[in-house]
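In what follows, a structure is listed as structure tokens, so that the remarks can point back to it.
The values are calculated or read from the model by the stated rules, or taken from the named source; none is laboratory data. Because the structure is a prediction, the values reported are computed rather than measured. Heads up, the Cβs are rebuilt from the backbone with ideal geometry, glycines too, and the neighbour counts pull from every protein chain shown. Each accessible area value is taken on the protein alone, full model and side chains, heavy atoms only, with ligands, DNA and RNA left out. Shrake-Rupley method; radii C 1.70, N 1.55, O 1.52, S 1.80 Å.
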Amino acid sequence: MSMIQAFRFVAVLLVLSPALPLCAQAPIPGSTNPAVSSTTSTPLPAGVQVYEGYRLQNNDNIIITVFQEDDLLTQSRISKNGTINFPLLGTVALEGLTLPQAAEKIRAALDKDYIVGPKVTLTIMEYAKRRVTVLGQVNKPGSIEMPDEGDMDLLSAIAMAEGYTKIADPGKITIRRLVDGKDTILRVNAKRLASDKETRPFILQPNDTISVAESIF
């Protein structure tokens, strides 16, 4: 089993300090990727990333333990509003946080008012289903379930939508997503992605909406 597989299946983080890293991060295909461009209501912040490690979302089933504090053992599904109830702390918002961020948030809150130097472990017992939507000129538009383990790239999503129609323009694909709460449109030349081996895959995020344009010719 690879390190990535072990992380996805076990998803355990033991937080010993705020600076503990979890995994390498892949930068967003943006100005450095000739196949991708973007527009947004505000400029994309420097270093925006397509995949930063798994981010918690509503309906994830998690267990949180604190070393030598059995009374704080908590198993909970993240609610629709992105929160859980945790002993001593009450309501804690976790949706959208990576595992290191979520565990550190709980650790810091406990350390501030209740426990000196707590050691927090956050385990994902069951992942919520992750989906993207493919619209426009594909043979089977609709919602596509992402794999629990690993990523899904744009070309794979197109293939799962049974490929392009005869009038599709693979060079004009848009991906709509939220980046830091801002509605963002990424324009992708999937024709170039498919033909240029030097161009890295475009990795999708949950809730992306992919639209394949119609050719004007």
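For the reader, a short list of remarks on this structure follows.
- Only aspartates and glutamates eight or more places from Lys166 in sequence, or on another chain, were considered; those with a Cα closer than 18 Å are Glu214.
- Segment Asn61-Glu126, length gained on full extension (0.36 nm per residue, minus Cα span): 22.9 nm
- Take Arg55: with every protein chain present and a 1.4 Å probe, its accessible area is about 90 Å².
- Per-residue extension of 0.36 nm, minus the Cα-Cα distance of Asp70 and Glu145, leaves a gain of 23.3 nm for this segment.
- Convex hull of the range 131-217 built on C-alpha atoms - directionally averaged projected area, nm²: 6.0
- Cα-projected label distance for Tyr114 with Lys182, points at 7 Å along beta-carbon direction, nm: 3.7
- Taking only the alpha carbons of the range 85-177, we obtain Rg and Dmax values of 20.4, 64 Å in that order.
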